[in-house]
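The values are calculated or read from the model by the stated rules, or taken from the named source; none is laboratory data. Everything numeric in this text was worked out from a predicted model, so none of it was measured. Cβ coordinates were reconstructed from backbone atoms using ideal geometry, including for glycine residues, and neighbour counts include every protein chain displayed. Surface areas here come from the heavy atoms of the whole protein model, side chains and all, with no ligands, DNA or RNA. Shrake-Rupley method; radii C 1.70, N 1.55, O 1.52, S 1.80 Å.
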Amino acid sequence: MSLFQKLFKQTFIYGLATVLPRMLSFILVPLYTQVMPTGSYGEVTLIFAWFAIFNVVLAYGMETAFFRFYNSEKNSTGVISTSLVSLMGTTALFTVFALIFQDSLALLLNIDGQFIKYVIFILALDALAIIPFALLRAKQNPQRYAVIKILNVAINLSLNVFFLLILPGLAKDSTEGLTGMLYIPDFEISYIFISNLIASGFTLLLISPSYKLPSYKFDSVLWSKMVRYGLPVMIAGIAFTINEVFDRIMLSELLPAAIAKSEIGKYSACYKIALFMTLFATAFRLGIEPFFFSHSRSENPQRAYAQITNYFVVLGSVILLAVVVYSDLLKVLIVRNSDYWEAMPVVPIIVLASFCLGIYHNLSVWYKVTDRTRFGAYISIAGAIITIAINYLFIPSIGYYASAYATLAAYASMMLISYYFGRKYYPIPYNFRKIGFYMGISILFSALSFYVFNGNILIGSLLLLVFLLLVYKMEYDLLKRIFIRNES
């Protein structure tokens, strides 16, 4: 099997377990937009944005620190014990103080107070599962890791379908018995978080054997080293999460209260159409990261890294154009309620932004293989500053369009900054003529299809066909290498 065939087949199990939870939010969009008005979906989206930020804070880099010290310390049991005690303690403190000040917390986060307890308990359950999941990975048990992650998705999805689709139908036929007890009109948002809470609780139960240690010992010296190692990771994680979700929070703060959550709902629903690019970029990154490290000491690894980036750009350009061309079909399948479609013009912008983020992850190989990971934090912080600045300046005048342009500006800037420093510290011979050609043609055809021909599917399909023929003609040898097994 060739080197590049191996590249596209490795890390399948972890990739599946990582991508599936992201797919859950995508799969649920048709259901949520079908049963909820824009304002209710905006409320849900806003809460999930806070989930993303609090998850990073409550982990405070301890997962990464766990991997670092589990493999380097002689007493691995002490690392497990110290990590578990640390997260149990901080999670307990968070839960107690959050419940005491729940009304103030809801006001601070600009979410309805009736949902705040769900938020607190889901965050606590997820925090308690961090080290057990990390331990499965450290002990190289990907099957169990994947099964538990997939079960979490399956339970969450099944409960959402039951509460939002099946239960209302059953309640129409009978208001007595168990159905009558479970069904509450206009309770959709609470049902969503109840589903999440049950799934998180069941997941923690499945993974709880990790808490069964012969004895618990808290090593304060080790803990201090782990925290010092983990805090920069947390800062980088917060910065990256700001780039991903903080626009929803700023929309809730900077738009008039009467329309803010409705606008967030429209924007977030149409934003999900770009998830095709995000899923592709995530799966590709999971596949290439082991390759980056395993080949960093081989002969001329820079040439292989440059080729990988070329492959990503070729495939990403096809996905960009295809999503934009068929966005009117996708909106009918994914965003069921036409009240949300007002925000469809952000789709090409967000898909392009996700493409830039994917290229950034490919370019980031230089600081990973040279142990200059602090640059990853610096670059994410720069992106976060751009995100906050553009949203703050322009949301009051152009609403969620500012958020879309801020996302594009942040990810494009991160891509360019990474290339600039990479050229200085670890030069890689990227083929910019090819990268520029594919990106340029894909962006041009996407703009023509969406803005000039107003989403005409026939013309868009012709443009996509022309682009695919170009790719086939120019990349025949590449396609043959990847997809055709060399039998000799």
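How large is the dipole of the chain about the Cα centre if only Lys and Arg carry +1 and Asp and Glu carry -1, each at its Cβ, rounded to the nearest 20 debye?
Working: 35 positive and 24 negative charges, 410 e Å.
Its charge dipole is roughly 1960 debye.
Order the peptides 113-124, 97-108 from the highest to the lowest mean number of other Cβ atoms within 10 Å of their residues. Working shown, then result.
Working: 113-124: 18.0, 97-108: 13.5.
Result, highest mean Cβ count within 10 Å first: 113-124, 97-108.
State the dimensionless ratio Rg/Rh of the stretch 296-343 (Rg: radius of gyration of Cα atoms; Rh: Kirkwood radius). All intermediate terms of the calculation are to be shown ahead of the outcome.
Details: Rg = 18.4 Å, Rh = 13.6 Å.
Computed over Cα atoms, the ratio is 1.35.
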For 374-384, 390-400, 423-433, ranked highest to lowest by mean beta-carbon neighbours within 10 Å, the order is 374-384, 390-400, 423-433
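Suppose all protein chains stay in the model; what accessible area per residue would a 1.4 Å probe give for the chain, in Å²?
On the way: 22590 Å² over 488 residues.
Result: 46 Å² per residue.
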Carbon/sulfur accessible area of the stretch 284-420, % of total, 1.4 Å probe, equals 62
By the mean-Cβ-within-10 Å protection proxy, highest first, 127-133, 454-460, 337-343 rank as 127-133, 337-343, 454-460
Flagged as over-length at 25 Å C-alpha distance, from LYS117/LYS331; LYS139/LYS368; LYS149/LYS266; LYS172/LYS261; LYS139/LYS225, the pairs are LYS117/LYS331; LYS149/LYS266; LYS172/LYS261
If each part is reduced to its alpha-carbon centroid, the stretch 329-401 and the stretch 31-64 end up apart, in Å, by 16
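At most 16 other Cβ atoms within 10 Å and a DSSP loop assignment: could you name the chymotrypsin sites (Phe, Trp or Tyr not before Pro) in the stretch 149-193 that fit? Write down the numbers at each step before the final one.
Working: sites: PHE162, PHE163, TYR183, PHE187, TYR191, PHE193; in loops: TYR183, PHE187.
Those that pass, being in a loop and sparsely packed, are PHE187.
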The farthest towards the positive end of the charge dipole of the stretch 182-260, of the residues LEU255, ILE238, ILE192, given +1 on Cβ of Lys and Arg and -1 on Cβ of Asp and Glu, is ILE238
Along the dipole axis of the chain (charges at Cβ: +1 for Lys and Arg, -1 for Asp and Glu; origin at the Cα centre), the most positive-end residue among ALA134, SER338, ASN456 is ALA134
